[in-house]
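Below: the structure, in structure tokens.
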Amino acid sequence: LWALAENPEQFAKVKADPSLIPGLIEESIRWVTPVKHFMRTATADTELAGRKIAKGDWLFLSYPSGNRDEAVFDDPFAFKVDRTPNKHVAFGYGAHVCLGQHLARMEMRVLWEELLARLHVMIRRSGAQAQDRLILDELVIDLRSRSACVGEATLALSRREFDLLHCLARQTGQVVTRGQILDEVWGQDADVTENAVDVYVGYLRKHLGGHAGAPDLSTIRGVGFMLRHRTKA
């Protein structure tokens, strides 16, 4: 959080494209490096980077230093959410790798997905008044009458389907996570799971799929959904 506060341009990248969350997680782990050091004993004479090491010598392994190695990382003292490759050693390596690394990554993913979704809702609710109509390709969404049409064809949408379409259309070309959709369409206190989002996206896709002038509703695997301009053949 502090690194993003110090680098607002990186925070803006993640807010605009939640698919960068996995990269944010890895860069956060590299940046903080929770395990600071270990001591090891050389089991044989050797040489490393021009330095001779004798059998029995103690070796101080500095993980923060390794994670800022100029020979491995481009611009290692910069925080970059889209850094790739990011072969950090924050969880150790080989036989001593941390067994809890996958749980840690999962917890961080959930944290960022939920936090970004809530920040988005707070910003949206405090922002300017909504437009009366949204237009995307031949899709027209009328917010006053809560209706939508593609060309001359009116879409028979339920209340929830309309709210979902409105949510996606307001963020055309951006990935909207399942968490964001749950917050905006169902509300933070609703007792529903993310499976409900997939079901209603399926309903909405059927409504749009029968019309050549409708925008594309794409699934971004493992992240969420995106409504974007239809790809021309």
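Considering every pair of different Cα atoms, what Kirkwood radius, in Å, is found for segment 81-233?
One over the average 1/r among Cα pairs gives 17.6 Å for segment 81-233.
Under 11 Å from the Cβ of Q174, count the other residues' Cβ atoms, weight Lys and Arg +1, Asp and Glu -1, and hand me the total.
Charge balance in the 11 Å sphere: +2.
Hand me the trypsin sites (Lys or Arg not before Pro) from segment 141-183 located in a DSSP loop with no more than 15 other Cβ atoms within 10 Å, in residue order please.
Passing sites in segment 141-183 are R144, R146.
So what's the net charge close to Q10: Lys and Arg +1, Asp and Glu -1, counting the other residues with Cβ under 12 Å from its Cβ?
Computed value for this residue: -1.
Dipole of the chain, Cα-centred, from +1 at each Lys and Arg C-beta and -1 at each Asp and Glu C-beta, to the nearest 20 debye?
Using only the charged Cβ atoms, the result is roughly 100 debye.
Is there a pair in K15/K206; K36/K87; K15/K80 whose C-alpha atoms are over 25 Å apart, and which pairs would that be?
Violating the 25 Å limit, Cα to Cα: K15/K206.
Using only the alpha-carbon atoms of segment 1-119 as identical scatterers, what base-10 log of I(q)/I(0) does the Debye formula give at q = 0.11 Å⁻¹?
Normalising to I(0) and taking log10 leaves -0.46.
Counting pairwise Cα distances across segment 150-233, what percent come out greater than 21 angstrom? Please list the in-between numbers first.
Numbers: 831 of 3486 pairs.
Looking at segment 150-233, the distances longer than 21 Å represent 24 percent of pairs.
Applying a 10 Å radius around every beta-carbon, put 47-57, 15-25, 206-216, 190-200 in order of their mean neighbour count, most first.
The most tightly packed comes first, giving 15-25, 206-216, 190-200, 47-57.
Quick note: the coordinates plus some simple rules give every number you see, no bench work behind them. Quantities reported herein were computed from a predicted structural model and do not represent experimental measurements. Glycine also receives a Cβ, built like all others from the backbone with ideal geometry; neighbour counts cover every protein chain displayed.
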